[in-house]
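Take a look at the structure set out below.
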Amino acid sequence: DIGRLLTDIATDLDYATMTADAEEVLRSLVFHEQQVPTHDGRWYRVRIMPYRTLENVIDGVVITFIDITDIRRAEQALMENKTHLAVEAAALNRLSDASARLWHLQDMQEGLDEILAASLDLLGANKGHVQLLEADVLRIVAQSGFEQEFLEAFREVSVTQETSGARSLRYGERVIIEDIELDAGFAPYRKIARAADFRAVVSTPLSGHDGR
């Protein structure tokens, strides 16, 4: 490659200013360094330095490339963990605030609305409802974001049905339906769910003082 222009050399780097940076190093004689991605998702630390001959004459530049892909991925994972922890800390603060407010509420409906609001906030959900068990039927007693058509369809749900709420009650644990279009048991309710504009559902059981 001796004698070829730098711009003639094919590279996978997403580094459009490499030639301009090399020219600036030749002009200023100050090295240049930066992190540069490739088109396939890798990362390199690129350093451009003046090249001096044994006669102390500037005769070009030396460009070095160090693969830092693993370091970048580790840094990204650390940033994501920090963000996740910050979100969890904020959620815990909101939960603490909601718990404090619930202690002072005298009205059952107000308490249910508060529980729903806290749940939506903690999960970042778009809409939701609270169902209470009466005999073998789950009834919606608080809701946020749903239209009348949905409320009429799900106002009373048998515990034997395959809605996420009924499953959560039967299993005694949180139930997550990640995609209603792929969940076989949810098939009878897809049409109304599509109309209500939701694709995933999380249902969490509520326990009374006696553990039921």
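The values are calculated or read from the model by the stated rules, or taken from the named source; none is laboratory data. This is a predicted model, so every value here is computed, not measured. Note: ideal-geometry Cβ built from the backbone for every residue, glycine included; neighbour counts use all protein chains shown. Calculation scope for accessible area: heavy atoms of the full protein, side chains included, ligands and nucleic acids excluded. Shrake-Rupley method; radii C 1.70, N 1.55, O 1.52, S 1.80 Å.
Quick rundown of the values:
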{"item": "Magnitude of the charge dipole, the chain, Cβ model with Lys/Arg +1 and Asp/Glu -1, debye to 20", "result": "260 debye"}
{"item": "Additional length obtainable on full extension of the chain from residue 149 to residue 12, 0.36 nm per residue less Cα span", "result": "43.9 nm"}
{"item": "Among 66, 135, 182 the positive-end extreme of the charge dipole of the chain (Cβ point charges)", "result": "135"}
{"item": "Accessible area (Å², 1.4 Å probe, nearest 10) - residue 141", "result": "40 Å²"}
{"item": "Per-residue ³J(HN,Hα) for segment 161-166, Karplus 6.51 cos²θ - 1.76 cosθ + 1.60, θ = phi - 60°, Hz, x for Gly and Pro", "result": "6, 9, 5, 5, x, 5"}
{"item": "Accessible-area order (highest first, 1.4 angstrom probe) of the listed residues 18, 108, 49", "result": "108, 49, 18"}
{"item": "Test item: Cα-centred dipole of segment 81-192, Lys/Arg +1 and Asp/Glu -1 on Cβ, debye", "result": "240 debye"}
{"item": "Separation of the residue 33 and residue 174 label points, Cα + 7 Å toward Cβ, nm", "result": "4.4 nm"}
{"item": "Accessible area (Å², 1.4 Å probe, nearest 10) - residue 119", "result": "50 Å²"}
{"item": "Spin-label proximity, residue 161 to segment 191-212 - amide N less than 20 Å from point 7 Å beyond Cα toward beta carbon", "result": "191-206"}
{"item": "Interchain or long-range residues, amide H under 5 Å from residue 143's placed H", "result": "130"}
{"item": "Cα Rg, Dmax (largest Cα-Cα span) when computed across the chain, Å", "result": "30.1, 96"}
{"item": "Simple label model, 7 Å out from Cα along Cβ direction - residue 91 to residue 104, nm", "result": "2.6 nm"}
{"item": "Cα point-scatterer Debye curve for segment 127-197, base-10 log of I(q)/I(0) at q = 0.14, 0.27 Å⁻¹", "result": "-0.40, -1.53"}
{"item": "Accessible surface, per residue, of the chain when the full set of protein chains is kept, probe 1.4 Å, Å²", "result": "69 Å²"}
